[in-house]
Amino acid sequence: MTQTETRQSRSPARAFGAFEWLVSMRYLRARRREGFISVIAGFSFLGIMLGVATLIIVMSVMNGFRTELLSRILGLNGHVVVRSQEGFIRNYDTLAASLMKIPGVVSAAPLVDGQAMITVNGLSGGALVRGIRGADLDKLKAVSDHVLMGSLDDFDAREGVAIGSRLAANFHLRVGDQLTLLSPRGPATPFGTAPRVKAFEIVSIFEIGMSEYDSSIVFMPLAAAQKFFGAGTTAASIELMTKNPDEVDAIAPRVADRVGDCCSVQTWQETNQSFFSALQVERNVMFLILTLILLVASLNIISGLIMLVKDKGRDIAVLRTMGASRGSIMRIFFIAGSSIGAVGTLAGFTLGVVFCENIEGIRQFLSALSGTQLFSPEVYFLSHMPAEIDPGEVISVVGMALGLSFVATLYPAWRAASLDPVEALRYE
């Protein structure tokens, strides 16, 4: 075959492909009497767009919520916690030094903690007091890197306390003010246990970003906490930080072998298992529910194309009599339906990504506009709305939307291709 003949044999195919696109795009631009079909196509486009955008936004917020909570929890609490079966650890320095030799452990902090009541100027409330050495508190970057006022320098020598920003706001406290702590674990008397009351100076105010911690935790030097809770020279627990929190399952058995039967070992995964399991279940259920939006939009594409096929029966018959094959007719309506899905998916992807990138500003704007506090820290624990876009999930959402859109066009396109031109022209 000569080059000229090859060009001649290829040019009709190229022209016919362009013809299929031309006809399908023409069908999507409805005239006045075809306006209802255009409305259905518009609703299908909006459904696909909103479905894709909503899925991206919700999944990103759930991812960000989990990541932020995980970073706050792991930034403040130990990845592995060692507690004595007797309730106190005597030789905690020796045990902590021994645990530091385990590969993967980066710090071992002895703690004395307990519940106490805060009283300031007639106001009172509960607090969790954590006694910790100043060097170990500096290693808690969630606290030491987020000091708003005051300083953690010479924390052990000053014998003051560090409190969260929301706790300071609730009691109208500043650095240098005094707060009174009341502990039920006081000295024994003939009339029972007397509560221990002592005033402490506030040396630092920090903000972790998790409202539950910022409103309830008070850090105190380890020696002062031992005196306040009557722990003597013992510690309540030893919290270990590891290089990789996801590898605690491999480190925990080594810690258990090192401490023996005198202490129990618990990982952060065991402590927060129910909480993060509930988040995962909620995330999966939200994904399934929001996927129904895409399914409904796909059904709209089917109904719209079926009506279009019925309305264009005479046109299909004319095209068939002019030489158009069944495949060409099928491709025309497949292009028309899949174009709605593809454009809607692209618009939804763009809307979802832009919304996630500016979600905190949008939240603040809506809060100011409505006069209400959206995403309350007391309910959701975090002071801002997080969003973390997972590229793999976004690709899955986009792929699912395109797949549903393409599948939705198959039956109407097949029905159009199966139309008998003689019957279509007879009943026109």
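The values are calculated or read from the model by the stated rules, or taken from the named source; none is laboratory data. Every value quoted in this text rests on a predicted model; they were computed, and no experiment measured them. FYI the Cβ positions are ideal-geometry reconstructions off the backbone, even for glycines, and counts take in every protein chain you see.
Only residues that are in contact with a helix residue (DSSP H, G or I) (Cβ under 9 Å, 6 or more places away or on another chain), of a type outside the set (Val, Ile, Thr) and at negative phi were counted in the stretch 84-109, giving 11.
Against the list (1) closer than 30 Å to ALA235 by Cα; (2) surrounded by 12 or more Cβ atoms within 10 Å (Cβ to Cβ), the condition ASN300 fails is (1).
For the stretch 243-282, a tally of residues being part of a strand (DSSP E or B) and either in contact with a Ser or Thr (Cβ under 7 Å, 6 or more places away or on another chain) or among the β-branched types (Val, Ile, Thr) (or both) returns 3. Scanning the stretch 113-120 turns up no residue that is β-branched (Val, Ile, Thr), within 26 Å of SER215 (Cβ to Cβ), assigned by TED's automatic domain parsing to the domain that holds LEU292 and at pLDDT below 90. Selection of the stretch 35-88 for residues being at pLDDT below 85, among the charged types (D, E, K, R) and over 11 Å from the mean Cα position of the chain (by Cα) yields ARG72, GLU86. For the condition touching a Lys or Arg at 6+ places or on another chain (Cβ under 7 Å), at pLDDT below 80 and among the β-branched types (Val, Ile, Thr), VAL379 does not qualify.
Could you check, for the stretch 276-289, whether at least one of its residues is surrounded by 19 or more Cβ atoms within 10 Å (Cβ to Cβ) and under 31 Å from the mean Cα position of the chain (by Cα)? No, the stretch 276-289 has no match at all. Considering SER98, SER144, the condition of being surrounded by 16 or more Cβ atoms within 10 Å (Cβ to Cβ) and in the same structural domain as PHE219 (by TED's automatic domain parsing) is satisfied by SER144 alone. Applying the condition of being β-branched (Val, Ile, Thr) and farther than 16 Å from ARG254 by Cα to the stretch 76-95 and asking which residue is surrounded by the most Cβ atoms within 10 Å (Cβ to Cβ) yields ILE89. Criterion applied to GLY114, GLY164 was being in contact (Cβ under 8 Å) with a residue 60 or more places away in the chain and surrounded by 18 or more Cβ atoms within 10 Å (Cβ to Cβ), and the one residue passing it is GLY114. For the stretch 303-328, a residue qualifies if it is closer than 30 Å to VAL52 by Cβ, touching a helix residue (DSSP H, G or I) at 6+ places or on another chain (Cβ under 6 Å) and surrounded by 20 or more Cβ atoms within 10 Å (Cβ to Cβ), and the qualifying residues are GLY304, LEU305, LEU308, VAL309. Within the stretch 266-307, being of a type in the set (A, V, I, L, M) and under 22 Å from ASN63 (Cβ atoms) holds for ALA278, LEU279, VAL281, VAL285, MET286, LEU288, ILE289, LEU290, LEU292, ILE293, LEU294.
Filtered by the rule that a residue be buried (at least 19 other Cβ atoms within 10 Å of the Cβ), touching a Ser or Thr at 6+ places or on another chain (Cβ under 9 Å) and of a type in the set (A, V, I, L, M, F, W, C), the stretch 194-233 gives PHE200, VAL203, ILE205, PHE206, ILE208, MET210, PHE219, PHE228, PHE229.
Reported count of residues in the stretch 306-345, each being under 24 Å from LEU46 (Cβ atoms) and either small (Gly, Ala, Ser) or part of a helix (DSSP H, G or I) (or both), is 20.
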